[in-house]
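The values are calculated or read from the model by the stated rules, or taken from the named source; none is laboratory data. Please read all numbers here as calculations on a predicted model, not as lab measurements. Glycine gets a Cβ as well: all are built from the backbone with ideal geometry, and neighbour counts include every protein chain shown. Ligands, DNA and RNA are stripped out before the accessible areas are found, and what is left, the full protein with its side chains, is counted by its heavy atoms. Shrake-Rupley method; radii C 1.70, N 1.55, O 1.52, S 1.80 Å.
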Amino acid sequence: MTSFGDLLGPQPTLLTGDDEAESDLLNGADPAAVAAAHPTASIAWAYLAEASINEGATITAYAYARTGYHRGLDQLRRHGWKGFGPVPWRHEPNQGFLRCVGVLARAAQSIGEEDEYLRCLDLLNESDPAAAGELGLA
């Protein structure tokens with residue numbers, strides 16, 4: 001049984017994360033330096049995207065979030081994800097990817113890209129119904 005109660009659906013995908021990148025970020029390292037040293041770590045791109053969107057640098061946030069989103073897709077696929085199925089928010093290593101999707105949604109909406117905004121919301125809701133709320137998008 002999956003964590004969301006779908007007996008026929010795929011098991012939740014649980015990323016392994018990047019311990020070194022996560023530790024560097026938690027210890028106050030510059031997110032740009034962390035992204036340069038660990039370009040596959042979605043969490044570093046999420047930090048950059050969130051800082052940019054909060055500063056009003058929407059296009060920069062969009063670019064950072066898009067990068068982290070694609071790096072996260074690569075990781076999800078390597079962990080067996082087939083383009084659908086649960087990606088639980090509660091599993092912390094998944095949060096870098098989900099945070100990037102959240103910023104991508106906000107940035108897309110801000111520039112009037114409604115289809116992308118809705119696609120991102122759908123992805124968050126399909127990944128974990130709690131994710132959009134955790135990201136302030138519910």
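Points to keep in mind about this one:
- One residue stands out in the stretch 13-27 among those that are touching a residue at least 40 places away in the same chain (Cβ under 8 Å) and either among the aromatic types (F, W, Y) or in contact with a Phe, Trp or Tyr (Cβ under 8 Å, 6 or more places away or on another chain) (or both): the one that is nearest to W45 (Cα to Cα), namely L15.
- Residue ranges of helices (runs of 4 or more DSSP H) in the stretch 31-138 with at least 1 members in contact (Cβ under 8 Å) with a residue 12 or more places away in the chain, open to solvent by 20 Å² or more (accessible area, probe 1.4 Å) and within 21 Å of A21 (Cα to Cα): 31-37, 42-54, 58-78, 95-110
- Qualifying residue in the stretch 13-21 (condition: surrounded by fewer than 19 Cβ atoms within 10 Å (Cβ to Cβ), at positive phi and in contact with a helix residue (DSSP H, G or I) (Cβ under 8 Å, 6 or more places away or on another chain)): yes
- Residue match in the stretch 108-119 (condition: more than 11 Å from the chain's Cα centre (by Cα), more than 13 Å from L15 (Cβ to Cβ) and among the polar types (S, T, N, Q)): yes
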